[in-house]
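**Q** The structure that follows is given in the form of structure tokens.
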Amino acid sequence: MAWGTRRHARSRTPLGTADELLEGSGDLAVALQEELVRRNAVAPALGGPGESAKADFLRQWIEAEGLGPVARVSGSDGGMERPNLLVRRAGTASDRCLWFLCHLDVAPAGDPEAWRGDPFRLRREGDKLVGRGVEDNHQGIISVLLALRALVQTGIPLPRDVGLALVADEETGGPWGLDLVLRQRPVPFGPGDAFLLPDAGDEEGGVIGVAEKGVLGVRLRVLGHGASAAVPITGRNALAAGAHLLVALEALAHRFPDRDPLFLPSHCTFEPTRHLESPGDLHTVPGEDVFHLDVRVLPTVRLDDVLTAIREIATEVGRTHRVAIQVDPLVREDPAPPTPSSHPLVRLLARAVRQVYGVEARPRGIGGGTLATRVRRGGWPAVVWARQDGTAHQPNEYCWLPNILGDARVLLRLMIEEERPEGTEPGGAAQGGT
Ligand SMILES: [Zn+2]
């Protein structure tokens with residue numbers, strides 16, 4: 001099954017018409033990718049121009065297509081605009097809204113030599129679309145836009161409100177995106193709202209993210225004393241001490257042995273990542289050594305406890321090797337309580353994925369890194385889903401055109417169907433595309 005799309009003899013129901021419309025939207029999806037890719041939206045903190053040009057284009061397109069008025073919530077980041085866009089379409093019950101949350105900014109292109117072309121110019125290889133941001137998060141943005149457009153053109157009624165939130169500043173976890181929107185008064189999100197983030201998934205569309213691990217990025221800086229390697233006794237070798245520290249940190253896995261089969265991997269991880277180049281040359285005892293540790297913990301583990309354990313290990317290694325060790329958490333995202341796997345939105349999404357792709361999607365915990373954690377911390381249910389290969393942040397990032405269109409059909413079903421309590425779905429496991 002090449003793309004997993006089930007073929008049906010469609011009756012001319014409104015949903016059948018919308019499906020046909022979406023399946024015929026390939027050229028439009030490519031054109032939108034072209035427009036989004038060429039508007040470089042890397043955050044100023046990462047050396048980019050920010051999201052304004054992209055937000056201008058999207059606002060104009062959304063309003064020209066009649067998808068609704070666009071509210072723009074902007075912050076000034078050292079004089080640079082950091083825009084957030086909100087669109088809300090009214091449904092029968094306007095006391096609750098299903099929000100589709102995407103981000104406007106993209107990761108930096110990285111090494112230009114690693115790309116087979118200009119990262120900010122869309123390249124098309126058959127159904128494969130290549131360029132910075134095509135997967136993260138353009139695929140999600142375009143799927144939602146196409147689904148909303150199909151809704152407007154077919155006039156299918158909405159059981160509850162549907163919203164699109166396009167936020168800035170996701171990649172650095174900074175204050176100008178979702179956090180800025182949440183600081184608005186009144187907050188644009190109500191107590192009955194729920195969120196879907198089309199920002200991560202697997203190749204099949206089989207993973208419904210309901211939980212995320214907590215994340216720490218820690219810098220470990222070992223300070224010894226430089227010397228000539230001919231007389232190492234006169235120095236204190238920071239590199240050698242750092243190597244002992246790196247091995248000693250493996251004890252963290254034993255100190256935090258929690259397991260949860262919802263996650264893959266099911267345990268906490270403590271992974272050494274970036275190692276900086278030592279000062280001096282190959283005949284110098286280095287007086288400084290710096291490396292980083294990526295920590296991912298299950299929601300049952302407190303990051304404060306992990307930091308305390310890291311500091312204890314560092315103190316012990318520092319004493320043994322007569323060096324000072326600084327422990328600096330550079331990135332920190334505390335875990336949030338998971339969205340229950342039994343939440344009606346999870347079941348609704350699983351049914352839509354089954355109808356469109358013929359895949360049994362299951363609730364899972366993912367490694368962290370989306371805005372769902374902040375949404376959940378605010379008390380709202382949030383699920384993360386998309387059908388994609390996971391090329392975000394890499395050189396030659398790509399996405400598949402059929403996934404944009406298929407995902408749009410899945411999201412359309414979420415928009416027009418109502419979450420029902422367990423056991424009340426019509427006809428049990430509903431099959432078929434209409
Ligand atoms: Zn993303």
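**Q** Name the residues of region 145-166 whose amide N is less than 18 Å from a point 7 angstrom out from the Cα of Asp27 along the C-beta direction?
**A** 146, 150
**Q** Next up: When the helices in the chain are scored as -39500 (n - 2.57) per DSSP H run of 4 or longer and the sum is shared across all residues, what 222 nm value do you end up with, to the nearest 500 deg cm²/dmol?
**A** When only DSSP H runs of four or more count, the value is -9000 deg cm²/dmol.
**Q** With everything on Cα atoms, drop me the angle between helix 344-357 and the longest principal axis of the chain, reported from 0 to 90° to the nearest 10.
**A** Relative to the chain, helix 344-357 is tipped by roughly 70 degrees.
**Q** Highest mean first, what order results for 158-166, 180-188 on Cβ atoms within 10 Å?
**A** 158-166, 180-188
**Q** Then there is this: From Cα pairs below 8 angstrom and at least 6 apart in sequence, can you work out the relative contact order of the chain, rounded to a whole percent?
**A** Once divided by the residue count of the chain, the mean separation gives 24 percent.
**Q** Here's another thing I want to ask about it. Looking at the chain only, what percent of DSSP beta bridges run antiparallel? Nearest 5 please. Don't skip to the end; give the middle numbers.
**A** Details: 48 of 70 bridges.
Of the beta bridges lying entirely in the chain, close to 70 percent run antiparallel.
**Q** Quickly rank 331-342, 117-128, 372-383, 92-103 as a protection proxy: mean count of other C-beta atoms within 10 Å, highest first.
**A** 372-383, 92-103, 331-342, 117-128
**Q** Go ahead and run the numbers for FRET between Arg311 and Lys128, Cβ-Cβ distance against an R0 of 56 Å, rounding to 0.05.
**A** That pair, Arg311 with Lys128, gives E of 0.75.
**Q** Just to check I understand the Karplus step: with θ = phi - 60° and J = 6.51 cos²θ - 1.76 cosθ + 1.60, what whole-Hz values come out for region 99-108, glycine and proline as x?
**A** The phi angles translate into 9, 9, 10, 10, 10, 7, 6, 10, 5, x Hz.
**Q** Could I ask something else about it? Report the label-to-label distance for Asp258 and Asp111 in nanometres (one decimal), using points 7 Å from each Cα along the Cα→Cβ vector.
**A** Each label point is offset 7 Å from its Cα along the Cβ direction, giving 3.7 nm.
**Q** Measuring from centroid to centroid over Cα atoms, what is the spacing of region 283-315 and region 131-174 in Å?
**A** 38 Å
**Q** In addition: How compact and how long is the chain, expressed as Rg and Dmax of its alpha-carbon atoms in Å?
**A** Both quantities, over Cα of the chain: 24.1, 85 Å.
**Q** Something else about it: How long is the gain from Ser76 to Ala90 if the chain were fully straight, where each residue apart is worth 0.36 nm and the alpha carbon distance is subtracted?
**A** Numbers: separation 14, 0.36 × 14 = 5.04 nm, distance 3.04 nm.
Contour length minus Cα-Cα distance gives 2.0 nm.
**Q** Apply 1/(1 + (r/R0)^6) to the Cβ-Cβ distance of Gln60 and Ala243, taking R0 = 56 Å, and write down the FRET efficiency to the nearest 0.05.
**A** 0.50
Each value in this text was obtained by applying a stated rule to the coordinates, not by laboratory testing. Note that the structure is predicted; figures quoted are calculated from it, not measured. Glycine gets a Cβ as well: all are built from the backbone with ideal geometry, and neighbour counts include every protein chain shown.
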